[in-house]
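Step one of this worksheet: look at the structure below.
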Amino acid sequence: MSVQDLQHFVLGDSEGVWRQFTIRFREGCAYRVSCKIILPGAAPQACAYCRAAPNVPRMSVTQSKMKILEVGWEGSIGIGHMGPVTNAIFQLARSFAELGHDVTLATGPATEERVLLPGEVTVVECASATSLWKDRVALRTNRLSRGLKRNSQYGYMTELASKLDLGSFDVIHTHMESHAALLQKVFRRRCAYTIHTPLWADKSLYRGVRGFVRYAIRRCEIAARIHEINVIQEAWLAVALGQFVRQEVQRGNIAVIPNGISLSEWPVIERGAARAELGLGNEEFLIVFAASIRPVKGLDVLLRAVEYLANKGVEVKLIVLGHFSKELEQQVRGLPVDLRGFVSNRSRTFRAYLSAADVVVVPSRFDNQPTVVLEAMAMGVPVIASRVGGIPDMVSEDVGMLFESENHVELAESLEHLRREPSRREALARQCRQRIEDKFTWNASARAYIAAFERTLAENGTSEAPS
């Protein structure tokens, strides 16, 4: 990359001399660089891009405006019925644009107008043909480009590369393992990759004989460099939603940046008003579970905890939000459990259920960064959750309690403690929304991403992926 324009400025202060300069690599992309010479009164020396001086101990690099490509795949981005990952892509694209960056969004064809996307975001639509099982086979049967070309997303990425000059972007940000692998190994482009579903980090998968086989396969895939861990390690920048990914992967340029939530979409509903709206009594100790009803979400652990409390004579009521089976209906007979079915988390009714709760329980056997934790805290409701995945990064002792995964007795004791100590519960509730405002807004997430992009640009540049 040739330097087209170089400007130098010299400033003085009480501690030494700053040399600032701007490097323009191409039109619309300028880096402002500052070198500080610590020796008081020393004459400015050659900058780091010319001849680095030994008495220049640090150099900071920031970019006034970046050209960012957000790579999505589903056509629902910006429409309104988005899933957790597509919502994250939408929120980041919007936030980057609000921060003044040049944002292009790649996505599948929309079925209706993208009314939620700001006009500053350029949208490029490509045909999307997602086949997750085919992706998995293609990624894991051949680490070379000919194997990756069997991936169902290869056509999508090829079309994207034909419509855009991928080399013109400062940052290409992906959210799918196959997209990151294709960019690295086929299109020879470095990218930032956000890790949304690292299921391989779920240690419960490696129990017993089947677990031993799974772990052996994982080790072989890592050795052959065809596992998601390899994609993370080889990424220009990998973004984890929790510290546990960094601990598991150990090597690579990994930043930990949690997803956020838009507080404007989560106005607080007063507890009494919410209960009246839902026909719930004011004196009940109300527990809410809101998740897909699958073994990994741990509803069975919560049901055992509720049964344990019922046998002790502790009065609680559990409301379950999610699609349920007749088998589950039979299982909860005789327990203080109310199965209310699926309720969209974009509805006022969902917000009312959270607001009516004394506590929201997230008993997952594994989870990356469950959105319901942020949603509950945004409504001012304490959370009791299992100590797995990214949850400990979210639930601090001033907003909730943690318990060991699958330990229904510890969970029951935590519930009983909050029921017995309303002052403790109220103290936790007061801190919940403030924690969201301080650490988990989309604006905060976007600024952390930009800082990570700037740092990586300064250290590694934006060149093609190494061979």
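Structure notes:
- Checking every one of the trypsin sites (Lys or Arg not before Pro) in the stretch 275-380 against DSSP loop status and a limit of 10 other Cβ atoms within 10 Å picks out 312, 333.
- Stretchable slack from residue 458 to residue 427, in nm (0.36 nm times residue separation minus alpha-carbon distance): 6.8 nm
- Computed from the Cβ-Cβ distance with R0 of 41 Å, the FRET efficiency linking residue 338 to residue 223 stands at 0.25.
- Taking the alpha carbon gyration tensor of the stretch 263-440, multiplying each eigenvalue by 5 and rooting it gives semi-axes of 22, 18, 17 Å, largest first.
- Across 163/185; 297/317; 65/185; 67/163; 203/439; 65/163, pairs whose alpha-carbon gap is larger than 24 Å: 65/185; 203/439
- Virtual spin-label span in nm between residue 125 and residue 323, 7 Å along Cα→Cβ: 2.7
- Per-residue Cβ neighbour rank within 10 angstrom, fewest leading, 457, 415: 457, 415
- Among 442, 73, 200, sorting on how many other beta-carbon atoms sit within 10 Å of each Cβ, with the fewest leading, yields 200, 442, 73.
- Taking 393, 398 and counting other C-beta atoms within 10 Å, the order from fewest to most: 398, 393
- Point-to-point label distance, residue 115-residue 216, nm (Cα→Cβ direction, 7 Å offset): 5.6
- Over all projection directions, the Cα-based convex hull of the stretch 204-351 averages an area of 13.1 nm².
- The calculated FRET efficiency for residue 158 paired with residue 81, based on their beta-carbon distance and R0 = 35 Å, is about 0.80.
- A Förster distance of 30 Å, applied to the separation of the beta-carbon atoms of residue 413 and residue 331, puts the FRET efficiency at 0.85.
- Computed lengthening from residue 265 to residue 277, 0.36 nm per intervening residue step minus Cα-Cα distance: 2.4 nm
Rule-based calculations on the coordinates, nothing more; no lab input. The structure displayed is predicted, hence computed values, not measured ones. We place every Cβ from the backbone using ideal geometry, glycine too, and count neighbours over all the protein chains shown.
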